[in-house]
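Taking it in order: structure first as structure tokens, then the write-up.
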Amino acid sequence: MMTGGGTLSRRLSFNMIDQAMLARLREAKPFILAEMPAILDRFYDHIGTFGETAAMFRSSEHMMHAKAMQLKHWGVIMDGQYGDAYEASVSRIGEVHNKLGLEPPWYIGGYNVLISALVGAIAERFPVGRFDRNGWKKKAELQQAVIKVAILDMDIALSVYTAAGQRDRRATDRHLVHPRPL
């Protein structure tokens, strides 16, 4: 389902996401997934205060479902295995955002809020040994890895979103040109 930028392996390479970086993500997965619920609570509280983003949710239960799905997606991201499961997950996100009509600036801005909080959590709470002289380096490498995969994830979701929107517009145009008889 890759659109626009070629194969996923090519996009990983272009974004300088290598196997060592993916291993770093896998190692940090327990920490990231432990931090994400609180980050997502603050994230959904924040987007709930803006009419443009709050309108995407029918109810608080709908918002909590989105939170659960986002947590699940971050589990896939942190697996560092960018294959069929990842592609299916990010494609669903792009399709849902297209269906909801979430405009890219709100999606990008929301991702900014989320990633900023995650990078801050790594800086403040990612465990390194007290006498580990390279602890700062481990944190910085993890922060870079998270930023890189988050931007790649955003890129792919927006590519799917754009392709889905174009597909839907073509279908609407075909229907207008060749309406079905009543």
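The values are calculated or read from the model by the stated rules, or taken from the named source; none is laboratory data. Everything numeric in this text was worked out from a predicted model, so none of it was measured. We work out accessible area using only protein heavy atoms, side chains counted, and drop any ligands, DNA or RNA first. Shrake-Rupley method; radii C 1.70, N 1.55, O 1.52, S 1.80 Å.
Could you work out the Kirkwood radius for segment 49-109, taking every pair of different alpha carbons, averaging 1/r and inverting it, reported in Å?
For segment 49-109, inverting the mean 1/r across all distinct Cα pairs yields 12.6 Å.
Mind checking the log10 I(q)/I(0) for the chain at q = 0.13, 0.14, 0.18 Å⁻¹? Debye, one equal scatterer per Cα, no solvent, two decimals.
For the requested q values the scattering log ratios are -0.72, -0.82, -1.24.
Mind pulling the angle between the C-alpha long axis of helix 60-79 and the longest principal axis of the chain? Nearest 10 degrees, somewhere in 0 to 90.
Its long axis makes an angle of about 60 degrees.
How much accessible surface area, in Å² rounded to 10, belongs to the heavy atoms of THR162 with a 1.4 Å probe?
We get 70 Å² for THR162.
For the chain, with a Gaussian network of springs between Cα atoms less than 10 Å apart, report the residue from GLY110, GLY129, GLY51 with the top mean-square fluctuation.
GLY129
Cross-chain or 8 or more residues apart, Cα under 22 Å: how many lysine pairs in the chain fit that? Count them up, please.
Total qualifying Lys-Lys pairs in the chain comes to 13.
Taking only protein heavy atoms into account and a 1.4 Å probe, give the accessible area per residue of the chain in Å².
I get 60 Å² per residue for this part.
Could you please state how large a percent of the accessible area of the chain is carbon and sulfur, counting protein chains only and using a 1.4 Å probe?
59 percent
Express the Stokes-Einstein translational diffusion coefficient of segment 11-102 in µm² s⁻¹, to the nearest whole number, given a Kirkwood radius over alpha-carbon pairs, 20 °C and a viscosity of 1.002 mPa s.
Diffusion coefficient, whole number: 147 µm²/s.
Against the longest alpha carbon principal axis of the chain, how many degrees, from 0 to 90 and to the nearest 10, is the axis of helix 19-47 turned?
60 degrees
Per q in 0.16, 0.23, 0.27 Å⁻¹, report the Debye log10 I(q)/I(0) for segment 71-137, using one uniform scatterer on each alpha carbon and no solvent.
Normalising to I(0) and taking log10 leaves -0.75, -1.09, -1.18.
Enter the angle in degrees (range 0 to 90, nearest 10) between the Cα long axis of helix 84-100 and the first principal axis of the Cα atoms of the chain, meaning the one along which they spread out most.
50 degrees
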